[in-house]
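The structure appears right after this line, and notes come after that.
The values are calculated or read from the model by the stated rules, or taken from the named source; none is laboratory data. Predicted model only: the values in this text are computed from it and were never measured. Cβ placement follows ideal geometry from the backbone for every residue including glycine, while neighbour counts extend to all protein chains displayed.
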Amino acid sequence: MGVQLKNGMTSRVHRLKGQVKQLTAQELRAFREWFAQFDAEVWDRQFEADAQSGKLDELAAGALRDYEAGRATEL
């Protein structure tokens, strides 16, 4: 774990930013593809955990109440 800097960024993140800036165009393209997939998988796992733990229940209930009350529009 990195040391916390004044702007909230850790020294580890600061080093990573510097390394990313040094990537070639081809390396940056590969990194973007990898990171987009990685980020989506992390988000999916967090969403699933939140859904299973009940964190989204009130939000879903509110949406259903709005729908049933006619406060929704077709997409």
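At-a-glance table
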read-out	value
Criterion violated by Gly8 - all others in (1) modelled with pLDDT of 95 or more; (2) on the phi > 0 side of the Ramachandran plot satisfied	(1)
Residues satisfying the stated conditions in the stretch 20-33, i.e. in a helix (DSSP H, G or I) and either surrounded by fewer than 10 Cβ atoms within 10 Å (Cβ to Cβ) or at pLDDT below 95 (or both)	Lys21, Ala25, Gln26
Residues of the stretch 47-58 that turn out to be surrounded by 11 or more Cβ atoms within 10 Å (Cβ to Cβ) and in a helix (DSSP H, G or I), as a count	4
The one condition in (1) surrounded by fewer than 10 Cβ atoms within 10 Å (Cβ to Cβ); (2) at negative phi; (3) modelled with pLDDT under 95 that Ala69 fails to fulfil	(3)
Breaking point among (1) assigned to a helix (DSSP H, G or I); (2) at pLDDT 95 or above, for Arg15	(2)
